[in-house]
Structures are given as structure tokens and as C-alpha cells.
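Asker: The structure that follows is given in the form of C-alpha cells.
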Amino acid sequence: IEPATPLNDMLNIPGSGLICLTNDSPKIFVYYIPTLGNAPKWCTFLDNITEELEEKPADTGLI
């Protein structure tokens, strides 16, 4: 994660893979990292998307 503005703080939502990063811009960066934990109950669709991406083989264009 390399934001264009300096980071001020980081919040990890306990028991989930969500992290929030505050910075000098008006927006807060929110990231979902599945290796840190499951998605919160209010956004379980993230777990479904992650599972679908894991099932599909990556097309790297290499033979």
C-alpha cells in the first residue's frame, strides 16, 4: 500500500481483515486483507468475492 499522501494512523477492525488508514486527504483509505481475517458481518460479500477469485486460475498470459 503506497498512498500519495502521508499516513497519520492505522486502525485494524478486531476480528476482521479490514484496516482503515487516515491521512492528510479528506478520504480515509479502507482495505480488506483476507489473510488478516474474515470480512465483518455487514459486508460478507467480500468473503464471497475472495472465494471466487481463489477458485479461478490466474491468467498470466504465459504458456
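Asker: Take the range 33-42 and flag every residue that is surrounded by 12 or more Cβ atoms within 10 Å (Cβ to Cβ) and either part of a loop (DSSP other than H, G, I, E, B) or of a type in the set (A, V, I, L, M, F, W, C) (or both).
Answerer: Residues satisfying the conditions are Ile33, Leu36, Gly37, Asn38, Ala39, Pro40.
Asker: Considering only the range 1-32, how many residues are within 14 Å of the chain's Cα centre (by Cα) and surrounded by 13 or more Cβ atoms within 10 Å (Cβ to Cβ)?
Answerer: The qualifying residues number 10.
Asker: Pairs please, first residue from the range 12-36 and in contact (Cβ under 8 Å) with a residue 40 or more places away in the chain, second anywhere and small (Gly, Ala, Ser) and part of a strand (DSSP E or B), Cβ atoms under 6 Å, 6+ apart in sequence or on different chains.
Answerer: none
Bear in mind these aren't lab numbers, they're just calculated from the coordinates by the rules spelled out. Since the structure is predicted, the reported quantities are computational estimates derived from the model, not experimental observations. Note: ideal-geometry Cβ built from the backbone for every residue, glycine included; neighbour counts use all protein chains shown.
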